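Asks: This is the structure I want to talk about, given as structure tokens.
Computed from the coordinates by the stated procedures, all read-outs in this text should not be read as laboratory data. These figures come from a predicted structure and were not determined experimentally. Virtual Cβ from ideal backbone geometry, glycine too; neighbours counted across all protein chains shown.
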């Protein structure tokens with residue numbers, strides 16, 4: 001039965017693509033076709049000696065068609081396939097944030113864009129589309145797309161350079177059961193000289209029953225509804241060869257418990273401070289240096305009905321099957337990191353990659369970049385991790401050393417290799433923890 005559905009979806013997708021191509025040939029002012037190909041080989045030694053490491057190839061193909069049907073209407077369709085080599089025929093398919101990660105094609109984006117409303121001051125986008133704010137610390141679709149209606153509005157006053165980005169998205173639809181998941185957001189941006197200021201709000205409402213674990217708890221409870229609100233302010237200054245970025249976020253909301261238990265109040269905050277720059281050197285070419293600290297608050301054990309752990313649901317975490325974040329192996333966000341026990345599953349309060357009873361992550365990064373010859377880039381990054389709260393025991397989560405090489409074979413082909421060593425801190429069980437490593441090599445092709 002599943003096979004028939006897969007064939008039907010593929011046929012429907014091909015039929016839609018053919019219709020778009022035919023219509024674009026007849027009516028479109030322009031047509032763009034292309035694809036992005038990524039093959040990444042990954043090998044890991046996990047930080048827990050009771051868990052075996054992984055060794056696999058992750059293949060990603062993204063093909064897109066973008067057309068201007070007229071000056072007033074644009075359309076885009078992008079499909080994606082994620083294939084872990086050797087696992088695509090497995091009877092136990094991987095569970096990830098993506099609609100499918102076992103070799104089948106799925107629709108990443110399919111949207112209509114109206115760019116010229118109200119003297120080109122309003123851009124309206126309707127359909128499954130990419131949405132990311134800033135560095136993706138509180139909002140990113142991670143290249144899966146959101147089903148959303150989005151309006152991007154420019155200031156009608158020339159001397160006041162502001163813009164508004166607002167959207168409403170349906171994350172999950174449950175017919176008749178009324179257990180939908182909705183996401184709404186609004187961002188007000190203001191540009192002044194070389195500084196970009198942003199004030200934002202994000203409203204996350206999930207009515208589906210789910211397991212939830214407070215940061216100071218070790219046993220999850222079932223909750224019937226989660227309402228999370230995040231407000232924030234972010235500023236980034238771009239100079240000629242340098243940048244300075246800062247952000248501060250606040251969390252509030254409610255979680256409804258079942259069985260007559262009291263509701264959980266959400267609290268907490270997070271911040272980011274970063275700076276960096278690049279400069280030409282006569283001996284070793286172009287050199288870059290970077291420093292950054294990020295911190296998300298942890299949960300206090302003394303407040304059993306309040307969760308102070310800052311946990312943005314839609315933070316940027318994934319690139320295909322690989323975690324992304326602070327550090328190539330640990331991949332920390334404000335609230336979670338790589339989970340050795342379930343490395344491909346979506347991050348949550350019950351799958352956060354942290355020792356039991358700990359919550360909130362502070363990450364320090366110091367990085368160097370060398371570009372001695374035009375096609376070659378060498379990178380080195382050092383990370384220090386610390387838990388903000390722990391029921392008992394140390395808060396040191398560990399350190400990481402990342403080494404990378406990138407070679408730009410042409411404008412369309414890039415080859416990268418990394419070796420990333422993680423040394424667990426005292427917050428992890430010393431009897432089962434060990435030095436971990438993630439090594440990877442990848443090739444990216446755009447055509």
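Asks: State, as an integer percentage, the relative contact order of the stretch 188-259 based on alpha-carbon contacts under 8 Å between residues 6 or more apart.
Replies: 31
Asks: Sorted by mean Cβ packing within 10 Å, highest first, what order do the peptides 195-201, 113-119 take?
Replies: 195-201, 113-119
Asks: What are the extents of the Cα atoms of the stretch 70-157 along their three principal axes, listed from largest to smallest and rounded to whole Å?
Replies: 57, 32, 16
Asks: Could you give the nm distance between label points at residue 293 and residue 432, where each point is 7 Å from its Cα heading toward the beta carbon?
Replies: Using points 7 Å along Cα→Cβ, the separation is 3.3 nm.
Asks: If the stretch 104-204 were replaced by its equivalent ellipsoid, with semi-axes equal to the square roots of 5 times the Cα gyration tensor eigenvalues, what would those be, largest first, whole Å?
Replies: 27, 16, 13
Asks: Oh, and also: Whole Å is fine, so just give me how far the alpha carbon centre of the stretch 246-284 lies from that of the stretch 324-359.
Replies: Using only Cα atoms, the two centres lie 15 Å from each other.
Asks: Using helices alone, what [θ] at 222 nm do you get for the chain, with -39,500 (n - 2.57) per DSSP H run of 4 or more residues, divided over all residues and rounded to the nearest 500?
Replies: Computed mean residue ellipticity for the chain: -2000 deg cm²/dmol.
Asks: Whole Å is fine, so just give me how far the alpha carbon centre of the stretch 135-197 lies from that of the stretch 204-245.
Replies: The distance from the Cα centre of the stretch 135-197 to that of the stretch 204-245 comes to 15 Å.
Asks: Further question on the same structure: Arranged from highest to lowest average of other beta-carbon atoms within 10 Å per residue, in what order do the peptides 403-413, 387-397, 74-84, 373-383 appear?
Replies: Averaged packing, sorted descending, gives the order 74-84, 387-397, 373-383, 403-413.
Asks: How much length would be gained if the chain were fully extended between residue 391 and residue 221, taking 0.36 nm per residue of separation minus their Cα-Cα distance, in nm to one decimal?
Replies: 59.4 nm is the gain from fully extending residue 391 to residue 221.
Asks: For residue 31 paired with residue 43, estimate the spin-label separation in nm (one decimal), with each label point 7 Å from Cα along the Cα-to-Cβ line.
Replies: A separation of 4.6 nm, rounded to one decimal place.
Asks: At what distance in angstrom do the alpha carbon centres of the stretch 395-443 and the stretch 46-80 lie from each other?
Replies: 22
Asks: How many nm is it between the label spots at residue 263 and residue 382, if each spot is 7 Å from the Cα in line with the beta carbon?
Replies: Result: 4.7 nm between the two label points.
Asks: Compare the peptides 363-369, 49-55 by average per-residue count of other Cβ atoms within 10 angstrom and give them in order, highest first.
Replies: Output ranking for 363-369, 49-55: 363-369, 49-55.
Asks: Let's test the formula: R0 of 30 Å, r as the Cβ-Cβ distance of residue 188 and residue 241. What FRET efficiency results, to the nearest 0.05?
Replies: 0.55
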